[in-house]
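In what follows, a single structure is set out as structure tokens and then discussed.
FYI, it's all coordinate maths here, none of it is from the lab. Bear in mind the structure is a predicted one, so any value in this text is a computation, not a measurement. Note: ideal-geometry Cβ built from the backbone for every residue, glycine included; neighbour counts use all protein chains shown.
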Amino acid sequence: MVMTETATVTSKSMVNIPARLRVKYGLKPGSRVVFVEEDSRIIMIPVPPMMELFGIDREHAETMKEAMRELNAERRRESSAT
């Protein structure tokens, strides 16, 4: 089910986000959002605070470390070949 809300752009190009959406997505003063333009639509996406992202890749830590080791080894090989 699609829910719709309406807001008005002010003379200073500001828009108030409806309270129901602020609560649902945890938007507080200082929260960041990204605007994505897609076809003739503007999509607003909340950006989680950096602290919420801390450790998000923990389950892939070993894979990331191995990829970094391989990349460093490749760079060393390339720099010694020149």
(request) Place a +1 charge on the Cβ of each Lys and Arg in the chain and a -1 charge on the Cβ of each Asp and Glu, then give the dipole magnitude about the Cα centre in debye, rounded to the nearest 20. (result) 440
(message) I need the phi-derived Karplus couplings for segment 16-22: 6.51 cos²θ - 1.76 cosθ + 1.60, θ = phi - 60°, integer Hz, Gly and Pro marked x.
(response) 8, 7, x, 4, 4, 6, 4
(message) Just want the answer: with Cβ charges of +1 for Lys and Arg and -1 for Asp and Glu, which residue in V2, T63, S31 is farthest toward the dipole's positive end in the chain?
(response) S31
(message) Can you show me the helix-derived [θ] at 222 nm for the chain, built from DSSP H runs with n ≥ 4 at -39,500 (n - 2.57) apiece and divided by the number of residues, rounded to the nearest 500.
(response) -11000 deg cm²/dmol
(request) Using only Cα atoms, tell me the angle between helix 61-81 and the longest principal axis of the chain; keep it within 0 to 90° and round to the nearest 10. (result) 50
(request) Can you figure out the FRET efficiency of L21 with R58, using R₀ = 41 Å and their beta-carbon distance, to the nearest 0.05? (result) 0.85
(message) Can you tell me the length gained on complete extension of the stretch K65 to E78, counting 0.36 nm per residue apart and subtracting the Cα distance?
(response) 2.7 nm
